[in-house]
1. Based on this model, can you work out whether I85 counts as open to solvent by less than 70 Å² (accessible area, probe 1.4 Å) and within 16 Å of the ligand (Cβ to nearest atom)?
2. Considering R226, R218, which residue is more than 24 Å from G20 (Cα to Cα), open to solvent by 20 Å² or more (accessible area, probe 1.4 Å) and modelled with pLDDT of 80 or more?
3. Yes or no: the range 43-65 includes at least one residue that is at positive phi and exposed (fewer than 13 other Cβ atoms within 10 Å of the Cβ).
4. Could you identify the single residue in W234, W206 that is at pLDDT 90 or above and more than 30 Å from L350 (Cα to Cα)?
5. Tell me which residues, restricted to the range 60-117, are among the polar types (S, T, N, Q) and in contact (Cβ under 8 Å) with a residue 12 or more places away in the chain.
6. Is it fair to say L68 is away from the ligand (no atom under 16 Å from the Cβ), more than 23 Å from V458 (Cα to Cα) and open to solvent by 30 Å² or more (accessible area, probe 1.4 Å)?
7. Being closer than 25 Å to Y220 by Cα and open to solvent by less than 70 Å² (accessible area, probe 1.4 Å) is the filter; apply it to the range 404-434 and report the residue that is farthest from the ligand (Cβ to nearest atom).
8. Against the conditions (1) over 22 Å from A138 (Cα atoms); (2) in contact with a strand residue (DSSP E or B) (Cβ under 7 Å, 6 or more places away or on another chain), where does G370 fall short? Just the number, please.
Amino acid sequence: TSSTTCLGAHILVYPYLSSGHIIPLLDLTNCLLNRGLIITVLVTANNLPLLDPLLSSHPSSQLQSLVLPHPENVPPSKNRLAANIRFLRQVHYPLLLNWFQSHSSPPVAIISDFFLGWTNEFASQVAVPRIIFSPSGAFAFSVSTYLWREQPQNDHPEDLNFSLSFPKVPNSPTYPWWQISHLYRMPKDADWEFFRNCNLANSESWGIIFNSFAELERVYLDHMKRKFQDDRVWAVGPVLPSDDDFKGAANRGGSSSVPCHDVLTWLDSRKDQSVVYVCFGSRTALTCKQMDELAAALEKSGVHFIWCVRQPVDQGQTAGDYGVLPDGFEDCVADRGFIIKGWAPQVAILRHHAVGAFLTHCGWNSVLEGIAAGVVMLTWPMGADQFTNAQLLVDQLHVGIRFGEGTLNVPESAELARILAQSVAETLPERLKAQKLQEEALGATKGGSSSTDLDGLVRRLNK
Ligand code: AWU
C-alpha cells in the first residue's frame, strides 16, 4: 500500500514456533499488509530474524513485532509440542494481557496458529474474536477434528494406526471424503489430552483461515463451513512470495545453506523438467538405512537431482543413526547430483523450469509449493497430516505417485529407481494433471477464489 492509503484495523498475528507453521503465516501477514491492515506479529527472539524481510518492506506505522520469551528449560520430552504450548500459555498469556490492556489502540482481532487453542480463552477475556490459521489443509483439519471430537473418546486406542471410516452423511454427494477410510498416524505416546483440548478450543473459535484454495479442497472446505459459521471460513492460499519476488523466495524461512544463485545456475544447465528435487521438510531426518536405499536409487535411476539432507532436530533422533549419506556417494553422482546439507531455497528451486518432480514427505507447505510449481510429487509421508496429504495428492487429485511411507519403512532401491526415472518422463499423466492444478492455483490467487476470500476476510476485519 502506498503511504497515502488509509490504513485498516489493527490485528495481532500469533504464529506457532516451527518453520512449517510460522513461514506460511508470515506469507499471509504480507498479503494482509498489502491490503492495508496494521499488524503486530508476536514472535520469540529466536524467530525474530524471520520477520526481517517483512519489516524491511513495510513501514513501522503498519507492522510491529512483539517479542516474547522463547520456550526454554522445556523438559526434552517426546511430547515437545505439548510442552512448548504449555510454556507459551504460562509465560505469554500474562505478558500479552498486559500489552493488550496498556496499548493505545489494541488489536480488534487475533489470528493464531491452530496449535494455540488457548488463545481462544485469551481472546474472550480481551473481548476480540480469535481466528484460527491452519497451516494444514482442510482435508487434514477435518480428519483431525473428526478424530478428536467425533470419534468415540479413544483414550488409549489399542491400535495407534487405526482406520477411520467416515460416517455416511444422509444425501451427501458421493465424494471420496465419505467413502474412504483413512489411516491417521499418531506418535506412539501422543499427548492425547493436549490434542483433544486444542481441537475443542479450536471448534469454539470465531473463524478459520486455510492456506488452501477452493479448486483444491472444495469438498473439505464445504465440510468445514458446515462445522463453522459458513461465512467465517476463508481459503486464501497458496500464500507464497510472488513469482517476481525472488528475494522473498531465495531466503524464505531462513538463509539458504548454499548461495541460491549457485543452485539456480546448476539448474540452468539442465533440461526442462529433468531434475528431481528431494526434501523432507524442516524437521524430518531419514534413517541411515533409508538414506542408503534412496542414495542407491538416485544412483541407479540416472536422474539429475537436488537432495536437501536434514540432520535430526526432533527429540529421540540421535545424530549418526539419521541423516548420513553413504561413503563415496557424492563423488559417484558429482556430474548430476547437487547435495544441500542444511536449508535449501525450496520455493526458488521448485519454481525453476528444470525441476520436473518433487520427492516430498507431504508437509502441507511443500504440497502447496509443489502444486504451485506444477511438478509431479513423489509421496513419502512420515507423520501427522502427511498421510492425509499424500492420499489427497495420489488418490484424489492424481498428481502424485506413492514412493515410500512412514519413518521406519525402507523401500527397495530398484523399485525407487524405476519410479524416479519415470517421474521425469514428459508424457506422465500425473504431469498433465499437475500442470492443470498449477493453473488453478495461480488463478485462485490472481483474482480468483483465494483473492475473493482474502478480500472478504479483510472486509470482516475492518468492520
Ligand atoms: P512443510 O509443511 O513442508 O513441512 P514441515 O517443515 O515438516 O512442517 C505442517 O508443517 C505440516 O502439515 C506438517 O505435516 C509438518 C510441518 N523449507 C525450505 O525452504 N528449505 C528447507 O530446506 C526445508 C523446508 C520450507 C518449505 C516449506 C517449509 C516446510 C504445516 O510437515 O518451503 O515452506 O519450510 O514446511
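The values are calculated or read from the model by the stated rules, or taken from the named source; none is laboratory data. Worth saying up front: this structure is predicted, and the values here are computed from it rather than measured. Here Cβ is always computed from backbone atoms with ideal geometry, including for glycine, and neighbour counts include all displayed protein chains. Surface areas here come from the heavy atoms of the whole protein model, side chains and all, with no ligands, DNA or RNA. Shrake-Rupley method; radii C 1.70, N 1.55, O 1.52, S 1.80 Å.
1. When the stated conditions are applied, I85 passes them.
2. Testing whether each residue is more than 24 Å from G20 (Cα to Cα), open to solvent by 20 Å² or more (accessible area, probe 1.4 Å) and modelled with pLDDT of 80 or more leaves just R226.
3. No.
4. W206
5. Once the filter is applied, which keeps residues that are among the polar types (S, T, N, Q) and in contact (Cβ under 8 Å) with a residue 12 or more places away in the chain, the range 60-117 yields S61, Q62, Q64, S65, S77, N79, N84, Q101, S105, S112.
6. No; evaluated as a whole, the condition is false for this residue.
7. R431
8. All conditions are met except number (1).
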